[in-house]
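Q: After the structure tokens below, expect a handful of questions from me.
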Amino acid sequence: MSDFIHLETQFLEINENEHLSDAFARKHYPLNSIPTNCILDKTLPGLGATYSEIYAERSSIIIEPNIPVIQGKVSASKEFLGVYEGCNKSTIKTYLQDKKIKHKKILCTPEGYLKVRNIALGMEIDLYNEYFCLYDECEKITQDIDYRDTISLPMNDFFLFENKAFVSATPLEMRNPEFKKQGFFRLKVKPNYEYRKELKLITTNSYEQSIIKQFDELKDNECICVFMNSTNGINKLVNLLESQEIKDYKVFCSRKSEIKFKEKEIQKSYESLNLPLAKYNFFTSRFFSAVDIYTDKQPDIIIITDLMEAKHSMIDPFTNAIQIYGRFRNTFADGKKFKSLTHISNYGNIGIVFSESEIKNYINISKETYEQLKLNIANADNEGSRKSLENSLNGCAYNKFIDEDGSLNYFKVDNFYDDERIRGYYKAPNCLHEAYKDTNHIIPIHSDILCLVSDKEKLEYKKQKSAIEQRKILIKKLDALSHSTEITSKEFERAKVDYLNLGNRKMQKETKYTIDAYERLGSKKIIAVNFYKDKIDHLLKKEKEETNHKKMFSKEVREAIIKRFPQNNTYKKDELIDGFSEIFKNYGIDVKVNLNTIRKYYGVRLLKGGNNGLVIIDLFVPDFEYN
């Protein structure tokens with residue numbers, strides 16, 4: 001397996017408040033635009049690379065990874081064509097035939113490109129020589145190909161174009177040798193000013209507590225933008241807001257996710273950018289790059305990684321984080337485009353991370369196995385052997401690196417390396433912190449927040465299949481916390497709330513039962529009955545009777561009764577029962593009051609009928625000992 005390709009690097013300086021077209025003009029690039037056969041590393045989002053191509057005096061095909069980007073760009077002019085799902089062939093053909101548009105600008109998804117190519121070929125239009133092909137946000141090919149195989153579809157055609165370029169503020173290294181063969185070079189933009197951004201990095205063993213605290217700190221701010229690559233994770237955050245009766249939010253996601261949210265009764269979800277922004281705004285990964293967000297509210301940006309909810313919510317400091325803050329294009333009075341930038345992440349729970357040499361060995365052995373299986377199939381002498389070998393071939397690990405025709409897809413290889421690189425940042429808090437420092441793009445201010453109940457413990461508790469097993473885990477945890485001399489009572493209560501908020505209503509009911517039982521019985525009695533609910537119920541009933549008896553005949557309760565009902569007086573029955581009930585309630589005594597209850601405190605000397613059928617009781621204090 002080959003290593004990264006090494007290309008000649010040229011540098012392009014840019015001054016503050018300049019656009020790339022200004023820098024291109026200073027270097028005398030043709031049309032003041034992107035030179036051909038280059039990988040343009042913009043360094044910073046928002047410098048106008050795509051803008052320069054849109055307005056360059058040449059026809060262009062600009063491939064964008066996601067639809068919202070295209071929608072935002074083509075809205076600027078009727079002379080631009082956006083091609084994505086829903087754009088029909090006749091629309092494309094009419095646009096290509098329109099002679100009034102001298103320099104055609106087609107912005108399309110990778111899948112939409114094939115529509116354009118096929119129609120153009122049918123019309124005998126020479127795309128490869130007449131159009132400049134620009135692949136925008138080029139790192140997305142590597143990052144997304146594991147779940148979106150079609151994102152690399154234009155690449156075979158890409159190398160057929162006479163004039164072409166890759167562009168991104170965060171391009172990744174690549175292994176495809178065709179770039180070297182065609183004489184590509186890297187054009188690295190060098191800003192002549194301080195461009196690094198401060199980022200508050202919060203690593204934690206309890207994601208939920210950290211995000212609640214962050215929301216609370218920002219509750220008085222006017223615009224909070226949350227970026228998270230997990231629809232389930234966003235759904236939980238929206239539910240958290242709604243539980244606090246907060247309705248001023250919007251969710252931006254794919255059409256598929258929008259339908260999913262609406263099924264969960266989250267109505268404020270949109271597949272396209274819907275302005276103005278709300279107080280709380282949630283963005284899935286399709287809005288991480290290229291989309292331009294113009295807002296008159298200076299946002300606080302929160303990036304979220306929750307490994308317990310979704311492994312794919314991992315954020316790459318070298319690409320995703322930089323692209324995310326680059327979405328915001330308005331500059332405010334303080335000279336900044338956002339108020340604050342925060343990344344909250346838990347860590348661990350990611351398994352083994354391969355080194356580069358281990359990845360190389362994995363791919364090479366997978367390839368050898370694949371090729372040997374193909375050879376064995378060709379030499380199989382009966383149908384049974386052939387079928388068995390074909391099944392083994394279909395399950396071979398090497399399949400994840402090749403296209404349907406069996407050819408190696410270098411972007412799939414890059415993706416495997418890239419995933420392992422990013423996973424390595426989430427092994428421990430210092431790994432993510434070091435990665436942010438190594439970007440030379442972000443100044444991380446790191447806090448590692450440890451909570452009494454970790455995300456790992458919560459996940460273990462939720463995964464238990466029986467209430468008894470959950471009870472065992474929870475009792476053990478509560479016992480450890482209650483015997484610790486290092487935690488406060490407030491922290492202990494917070495830990496209980498963490499468990500009480502887990503799972504569905506049934507689980508929460510069981511959790512409350514266990515906590516109540518622990519507080520009334522302690523751990524030893526519960527362990528002694530092997531955590532069985534019916535036996536715990538019996539102990540609770542007995543404990544309740546003993547507790548009530550002890551409270552009923554305490555000195556404090558006795559004195560409260562004598563004060564309320566002095567001895568040797570006459571009272572109505574209802575008056576006595578209501579009075580005793582009120583006193584019992586005040587002292588936490590759970591006993592139904594009747595005449596027999598009253599006789600435990602007073603003797604009845606006289607009992608006779610009264611007005612309206614009321615019983616009149618004359619009382620005296622018998623010989624009585626109390627606790």
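Q: Rg(Cα) of the chain divided by 2.2 N^0.38 Å?
A: 1.37
Q: For segment 528-589 and segment 64-96, what is the separation of their C-alpha centers, rounded to whole Å?
A: What the calculation gives is 77 Å, centre to centre.
Q: Okay, next question. Taking H placed 1.01 Å from N in the peptide plane, check which residues at least 5 places from Asn163 or on another chain put their amide H under 5 Å from its amide H.
A: Amide H to amide H, under 5 Å and 5 or more residues apart or across chains, Asn163 pairs with Cys133.
Q: Which shape class, rounded, prolate or oblate, goes with segment 13-57 when its Cα gyration tensor gives a ≥ b ≥ c as root eigenvalues, a/c under 1.5 marks rounded, and past that a/b bigger than b/c marks prolate?
A: Rounded is the answer for segment 13-57, as its axis ratio a/c remains below 1.5.
Q: Over the alpha-carbon set of segment 266-394, divide Rg by the Kirkwood Rh and report the Rg/Rh ratio to two decimals.
A: 1.24
Q: Taking the DSSP beta bridges in the chain as the whole, what percent of them are antiparallel, to the nearest 5? Don't jump to the answer; show the numbers that get you there.
A: Working: 10 of 75 bridges.
Restricted to the chain, the bridges split so that about 15 percent are antiparallel.
Q: I need the phi-derived Karplus couplings for segment 469-476: 6.51 cos²θ - 1.76 cosθ + 1.60, θ = phi - 60°, integer Hz, Gly and Pro marked x.
A: With the stated coefficients, segment 469-476 comes to 5, 5, 4, 4, 5, 5, 4, 4 Hz.
Q: Amide H neighbours of His343 under 5 Å, at least 5 residues apart or on other chains, H built in the peptide plane: list them.
A: Lys200, Leu201, Ile202, Ile303
Q: Further question on the same structure: Just how large is the dipole of segment 487-585 about the Cα centre, in debye to the nearest 20, putting +1 at every Lys and Arg Cβ and -1 at every Asp and Glu Cβ?
A: Charge dipole of segment 487-585: 160 debye, to the nearest 20.
Q: Please state the relative contact order of segment 282-345 as a whole percent: Cα pairs under 8 Å, 6+ residues apart?
A: 48
Q: Here's a follow-up. Taking amide H positions as placed 1.01 Å from N in the peptide plane, with prolines and chain starts having none, which residues 5 or more places from Lys250, or on another chain, fall under 5 Å of its amide H?
A: Here the answer is Ala278, Tyr280, Asn281, Phe282, since their amide H atoms fall under 5 Å of that of Lys250.
Q: Quick one: pull the percent of accessible area on the chain belonging to carbon and sulfur, 1.4 Å probe, ligands and nucleic acids left out.
A: Solvent-exposed carbon and sulfur of the chain make up 48 percent of the total.
Q: If you add up the charges near Thr142, with Lys and Arg at +1 and Asp and Glu at -1, over every other residue whose beta carbon is less than 12 angstrom from its beta carbon, what do you get? Could you put the intermediate results ahead of the total?
A: Values: positive: Lys140, Arg148, Arg175, Lys412, Arg421; negative: Glu137, Glu139, Asp144, Asp146, Glu173, Asp316, Asp414, Asp418, Asp419.
Result for the local shell: -4.
Q: With labels modelled as points extended 7 Å from the Cα through the Cβ direction, what inter-label distance (nm, one decimal) is found for Phe4 paired with Ser243?
A: Taking the simple label geometry, Phe4 and Ser243 are separated by 4.4 nm.
Q: Looking at Gln508, Leu40, Ser210, which one has the Cα that reaches farthest to the positive end of the dipole of the chain (charges on Cβ: Lys, Arg +1; Asp, Glu -1)?
A: Gln508
Q: Next up: Contact order normalised by length for the chain, with contacts defined as Cα pairs under 8 Å and 6 or more residues apart; what percent is it?
A: On the way: 925 pairs, mean separation 80.0, N = 627.
Over the chain, the number comes to 13 percent.
Q: Along the charge dipole of the chain, pointing to its positive end and built from +1/-1 on Cβ of Lys, Arg, Asp and Glu, which listed residue (Leu452, Phe332, Ile54) has its Cα farthest out?
A: Leu452
Q: Further question: Which Cα, out of Asn66, Thr109, Phe580, lies furthest along the positive dipole direction of the chain (beta carbon charges, K/R +1, D/E -1)?
A: Final value for the positive-end residue is Phe580.
Q: I've got another one for you. From the P(r) of segment 424-539, could you give the percentage of C-alpha pairs in the tail past 16 Å?
A: The answer is 66 percent, as a whole percent.
Q: If ligands, DNA and RNA are left out, what is the accessible area of Phe354 with a 1.4 Å probe, given in Å² to the nearest 10?
A: 80
Q: State in Å² the accessible area per residue of segment 542-581; use a 1.4 Å probe, count heavy atoms of protein chains only, and round to the nearest integer. Present the calculation step by step, with values, prior to reporting the outcome.
A: Details: 2510 Å² over 40 residues.
In whole numbers, segment 542-581 has 63 Å² accessible per residue.
Q: Which shape class applies to segment 1-100: rounded if a/c is under 1.5, otherwise prolate when a/b exceeds b/c and oblate if not, where a ≥ b ≥ c are the square roots of the Cα gyration tensor eigenvalues?
A: prolate
Q: If I ignore ligands, DNA and RNA and count only protein heavy atoms, how much of Asp22 is accessible to a 1.4 Å probe, in Å² to the nearest 10?
A: Roll a 1.4 Å probe over it and Asp22 shows about 70 Å².
Q: So, one more: How far is helix 231-243 tilted, in degrees, relative to the longest principal axis of the Cα atoms in the chain, given as a value from 0 to 90 rounded to the nearest 10?
A: 40
Q: Let me ask something additional. Protein chains only, probe 1.4 Å: how do Tyr362, Tyr55 rank by accessible area, largest first?
A: On the way: Tyr362 70, Tyr55 120 Å².
Highest to lowest solvent-accessible surface, that is Tyr55, Tyr362.
Q: What FRET efficiency comes out for the pair Ser581/Ile259, r = Cβ-Cβ distance, R0 = 60 Å, nearest 0.05?
A: The value I calculate is 0.65.
Q: Where nothing but the Cβ of Lys and Arg (+1) and of Asp and Glu (-1) is charged, how large is the charge dipole of the chain around its Cα centre, in debye to the nearest 20?
A: 2420
Q: Note down the relative contact order for segment 1-156 as a percent, whole number, built from C-alpha pairs under 8 angstrom at least six residues apart.
A: On the way: 169 pairs, mean separation 34.9, N = 156.
Once normalised by length, the contact order is 22 percent.
Q: Determine ³J(HN,Hα), in whole Hz, for all residues of segment 7-22 in sequence, where each value follows from phi through the Karplus function 6.51 cos²θ - 1.76 cosθ + 1.60 and θ = phi - 60°; x replaces Gly and Pro.
A: Listing the rounded values in order: 10, 4, 10, 10, 10, 10, 7, 9, 9, 4, 6, 8, 9, 4, 4, 5 Hz.
Q: Let me ask another. Rounded, prolate or oblate: pick one for segment 107-214, where a ≥ b ≥ c are the square roots of the eigenvalues of its C-alpha gyration tensor, a/c under 1.5 means rounded, and failing that, prolate if a/b is larger than b/c, else oblate. Numbers along the way, then the final one.
A: On the way: a/c = 2.76, a/b = 1.84, b/c = 1.50.
It is prolate, given that a/c is not under 1.5 and a/b is the larger ratio.
Q: Placing unit charges on C-beta atoms (Lys and Arg positive, Asp and Glu negative, everything else neutral), compute the dipole magnitude of segment 556-608 about its Cα centre in debye, rounded to 20.
A: That gives segment 556-608 a dipole magnitude of about 300 debye.
Q: Using the Karplus curve 6.51 cos²θ - 1.76 cosθ + 1.60 with θ = phi - 60°, what ³J(HN,Hα) values do you get for each residue of segment 23-30, in whole Hz, with x for Gly and Pro?
A: 5, 4, 5, 5, 8, 6, 6, x
Q: Under a straight-distance cross-link criterion of Cα-Cα below 16 Å, which lysines are reachable from Lys412, leaving out those fewer than 8 residues away in the same chain?
A: Lys140, Lys360, Lys367, Lys400
Q: Just to confirm a number: summing +1 for Lys and Arg and -1 for Asp and Glu over residues other than Ser269 whose beta-carbon lies under 15 angstrom from that of Ser269, what do you get?
A: Once all neighbours under 15 Å are counted, the net charge is +4.
Q: Convert 20 °C to kelvin, take the viscosity as 1.002 mPa s, use the Kirkwood radius over C-alpha pairs of segment 36-176 as Rh, and evaluate the Stokes-Einstein diffusion coefficient in µm²/s, rounded to a whole number.
A: Estimated via Stokes-Einstein, D reaches 141 µm²/s.
Q: Please work out the FRET efficiency for the pair Arg599 and Arg520, using the Cβ-Cβ distance as r and a Förster radius of 25 Å; give the result to the nearest 0.05. Can you show the working numbers first?
A: On the way: r = 29 Å, r/R0 = 1.14.
Approximately 0.30, to the nearest 0.05.
Q: Ignoring ligands and nucleic acids, what accessible area does Tyr131 show with a 1.4 Å probe (Å², nearest 10)?
A: Counting only protein heavy atoms, the figure is 10 Å².
Q: Could you report segment 459-508's accessible area per residue, 1.4 Å probe, as an integer in Å²?
A: With the other protein chains kept in place, segment 459-508 gives 66 Å² per residue.
Q: If eta is 1.567 mPa s and T is 4 °C, what Stokes-Einstein diffusion coefficient results for segment 406-454, Kirkwood Rh from Cα pairs, in µm²/s?
A: Numbers: Rh = 13.2 Å.
My calculation gives 98 µm²/s for D.
Q: Let me ask something else. Between Asn548 and Glu434, take the C-beta separation as r, use R0 = 56 Å, and let me know the FRET efficiency to the nearest 0.05. Display every interim value, and only then the final one.
A: Values: r = 60 Å, r/R0 = 1.07.
Rounded to the nearest 0.05, the efficiency is 0.40.
Q: Can you give the helix-only mean residue ellipticity at 222 nm for the chain, where every DSSP H stretch with n ≥ 4 adds -39500 (n - 2.57) and the sum goes over all residues, rounded to the nearest 500 deg cm²/dmol? Walk me through the numbers on the way to the answer.
A: On the way: 26 runs with 270 residues, N = 627.
After summing the helix terms and dividing by the residues of the chain, the value is -13000 deg cm²/dmol.
The values are calculated or read from the model by the stated rules, or taken from the named source; none is laboratory data. Everything quoted here is computed from the prediction, not taken from an experiment. Methodologically, a virtual Cβ is constructed for each residue, glycine included, from the backbone with ideal geometry; neighbour enumeration extends over all protein chains shown. Just the protein is used for accessible areas: all its heavy atoms, side chains included, with ligands, DNA and RNA removed. Shrake-Rupley method; radii C 1.70, N 1.55, O 1.52, S 1.80 Å.
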